[in-house]
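Laboratory data are not the source of any read-out in this text; all were calculated from the coordinates shown. Computed from a prediction, not measured in an experiment: that's the story for all the values here. Here Cβ is always computed from backbone atoms with ideal geometry, including for glycine, and neighbour counts include all displayed protein chains.
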Amino acid sequence: MKAVVCTAYGPPEVLQIRELDKPVPKHGQVLIRIHATAVTSSDCIVRAFNLHGPMAVAGRLVLGITKPRKAVLGMVLAGEIETAGKDVRAFKEGDQVFGFDRFAFGTYAEYKCMAASGLLALKPSNLGYEEAAAIPYGGLLALHFLRKGRISSRQRVLVYGASGSVGTSAVQLAKHFGAEVTGVCSTANLELVRSLGADAVIDYTKDDFVNGGERYDLIFIAVGNRVNPPSEADCKNVLAPGAAYISVDHGAPKLSTEDLVLLKQLAEEGTLRPVIDRSYPLEQMAEAHRYVDQGHKKGNVVISVAATDSTALRASIKPRAVQ
């Protein structure tokens, strides 16, 4: 099978197309023919080994010393079950699925085996593979951290980094929970965030919300510390009594299949829609990483993998109209 291998820690050029053996599902696993995956900020951190301090030491032990121990990166997939291993009851051959594997990686390839009991579910019936691949990463993380912040109806919620993968999901999910949502983003993304349901938007290049007169019950920082977002101390004057300040860097998230199924249902209802900035063929994975490294993507960057998906026939980069 065709796969993208990370040959060393470093710039996007370390990602190279290779031919690898097609995996065989073990007991309790399914073999998935991948139609689409996504390039997440976490993928780029692993590829570049952009970890520091104590995290760097732990990262070397977990991920690999000089290069990733699991050479095929990628956490997100959307595809079709080709084979179900012994005693698999939840899925059958031909099922269209989407999922998330943040520990084993392996989705930058034409095929991957996953435990049927893992973060895997039938994909939303109203979405194509690329659209489905744009949901799990941002959707699952946003759900976890909004719940950690004890989100509830009628709260005033501010999402900082509202135009990214996690942020676009957080705005929509916060509205689903009945909150009044303010999104913070750059000038270019104000209309996108409004279109996702935000009640108010703030352009961080012109206005500093921490010096504003509004108070929020929950502030969710949907971008990592690498972009130097406002700290909890910075936000003390705009946090209402008993309010929560939550960041995507606050601990390892607990993710569940039940939440993936919830995201499927919300997508089918039209409550949650994926946002896709650009789409690349698998052969241009390095270019996709280079774009994500710039830190300005809107929503998600997706990768078309399987030749049966007509979008995989693109010969060059295809910027997508934001959906």
First measure r as the distance between the Cβ atoms of residue 89 and residue 20, then evaluate 1/(1 + (r/R0)^6) with R0 = 25 Å and state the FRET efficiency to the nearest 0.05.
0.30
Put a dot 7 Å past each Cα toward the Cβ at residue 126 and residue 152; how far apart are the dots in nm?
3.0 nm
CD proxy at 222 nm, helix term only [per DSSP H run n ≥ 4: -39500 (n - 2.57); per residue of the chain; nearest 500]
-7000 deg cm²/dmol
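Of the cross-linked pairs 264/297; 67/123; 22/298, which ones have a Cα-Cα span greater than 25 Å in the structure shown?
67/123; 22/298
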By average Cβ neighbour count within 10 Å, what is the ranking of 236-242, 143-149, 75-81 from highest down?
75-81, 143-149, 236-242
So, in Å, what gap is there between the alpha-carbon centers of segment 155-187 and segment 105-150?
19 Å
Quick one, which of (i) 17.7; (ii) 15.0; (iii) 16.0 is the actual mean projected area of the Cα convex hull in nm² calculated for this model?
(iii)
Rank the residues 279, 152 as a footprinting-exposure proxy: fewest other Cβ atoms within 10 Å of their Cβ go first.
152, 279
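Using 0.36 nm times the number of residues separating residue 58 and residue 188, minus their current alpha carbon distance, what extension gain do you get?
43.1 nm is the gain from fully extending residue 58 to residue 188.
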List residues of segment 25-56, by number, whose backbone nitrogen lies under 13 Å from a label position 7 Å along Cα→C-beta of residue 104.
25-33
Using Cα pairs under 8 angstrom and six or more residues apart, how large is the relative contact order of segment 138-247, in percent?
29 percent
Taking a crude spin-label model, label points 7 Å out from Cα along the C-beta direction, the residue 268 to residue 206 distance in nm is 4.2 nm
Under-5 Å amide H pairs with residue 244, H placed in peptide plane, nonlocal only:
218, 219
